[in-house]
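Here the structure comes first, spelled out in structure tokens, and everything after it is commentary.
The values are calculated or read from the model by the stated rules, or taken from the named source; none is laboratory data. What you are looking at is a predicted structure, and each value in this text was computed from that prediction instead of being measured. Reconstructed Cβ throughout: ideal geometry from the backbone, glycine too, with neighbour counts over all protein chains shown.
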Ligand SMILES: [Zn+2]
């Protein structure tokens, strides 16, 4: 055990199965604790992302969502439960994440991710997860990630199909706009 680890005794027990993994170990766990991820959306994609990142020990998680919990969300948006119907999603997310891992610093943003606030919110995060449910937000996430040179983890679901990718144009890869240059006409494709 390294003398200058940033992990306390509770964390060493909590992450024992990570720390015992060859080539992950203490160093990997320490790096997770020093890392930060911003989830845009606390819905069907943002919920499992944020919950697993919290459980795994990512030190700082940001969550952006302006919505309230609806009964129709709960079947897939695991951050929220039946008692949370009508609450702000960021509030029920706070409770869930804190219960999973109180060591995580959770920073919540209860406004829409917009051209006005997006750079300010996203600055300083290591990774952005695009868990948005509409095309304007999706293009905005792409553009902000590109401007700030932050990898953009993209996921989308429609019925029985899913897509996932990582865009890192600052590492010479394509971005979301390279794949889909033009947003679909409003109403042409379901959100
Ligand atoms: Zn591009």
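Going through the range 20-42 one residue at a time, which ones are surrounded by fewer than 20 Cβ atoms within 10 Å (Cβ to Cβ), in contact with a helix residue (DSSP H, G or I) (Cβ under 7 Å, 6 or more places away or on another chain) and more than 16 Å from residue 126 (Cα to Cα)?
Across the range 20-42, the qualifying residues are 24, 25, 26.
Can you work out which of the residues in the range 155-177 that are within 16 Å of the ligand (Cβ to nearest atom), out of contact with any helix residue (DSSP H, G or I) (no Cβ under 6 Å at 6 or more places or on another chain) and not in a helix (DSSP H, G or I) is farthest from residue 76 (Cα to Cα)?
Here the residue is 172.
Going through the range 168-187 one residue at a time, which ones are under 21 Å from the mean Cα position of the chain (by Cα) and surrounded by fewer than 10 Cβ atoms within 10 Å (Cβ to Cβ)?
The answer is 171, and nothing else.
Please verify whether residue 180 is modelled with pLDDT of 95 or more and within 12 Å of the ligand (Cβ to nearest atom), treating the condition exactly as stated.
No; evaluated as a whole, the condition is false for this residue.
Can you tell me which condition residue 94 does not meet? The list is (1) assigned to a loop (DSSP other than H, G, I, E, B); (2) touching a strand residue (DSSP E or B) at 6+ places or on another chain (Cβ under 9 Å), and all the others hold.
Of everything listed in (1) assigned to a loop (DSSP other than H, G, I, E, B); (2) touching a strand residue (DSSP E or B) at 6+ places or on another chain (Cβ under 9 Å), residue 94 misses just condition (1).
Does residue 79 qualify as being buried (at least 16 other Cβ atoms within 10 Å of the Cβ), out of contact with any strand residue (DSSP E or B) (no Cβ under 6 Å at 6 or more places or on another chain), at pLDDT 95 or above and not in a loop (DSSP other than H, G, I, E, B)?
When the stated conditions are applied, residue 79 does not pass them.
Taking only the range 43-55 into account, find how many residues are surrounded by fewer than 15 Cβ atoms within 10 Å (Cβ to Cβ) and in contact with a helix residue (DSSP H, G or I) (Cβ under 7 Å, 6 or more places away or on another chain).
1
Hey, residue 4 hits all of (1) over 19 Å from the mean Cα position of the chain (by Cα); (2) assigned to a helix (DSSP H, G or I) but one; which does it fall short on?
In the conditions (1) over 19 Å from the mean Cα position of the chain (by Cα); (2) assigned to a helix (DSSP H, G or I), residue 4 misses (2) alone.
Say whether the condition of being outside any helix (DSSP H, G or I) and surrounded by fewer than 15 Cβ atoms within 10 Å (Cβ to Cβ) is met by at least one residue in the range 131-143.
Yes, the conditions are met somewhere in the range 131-143.
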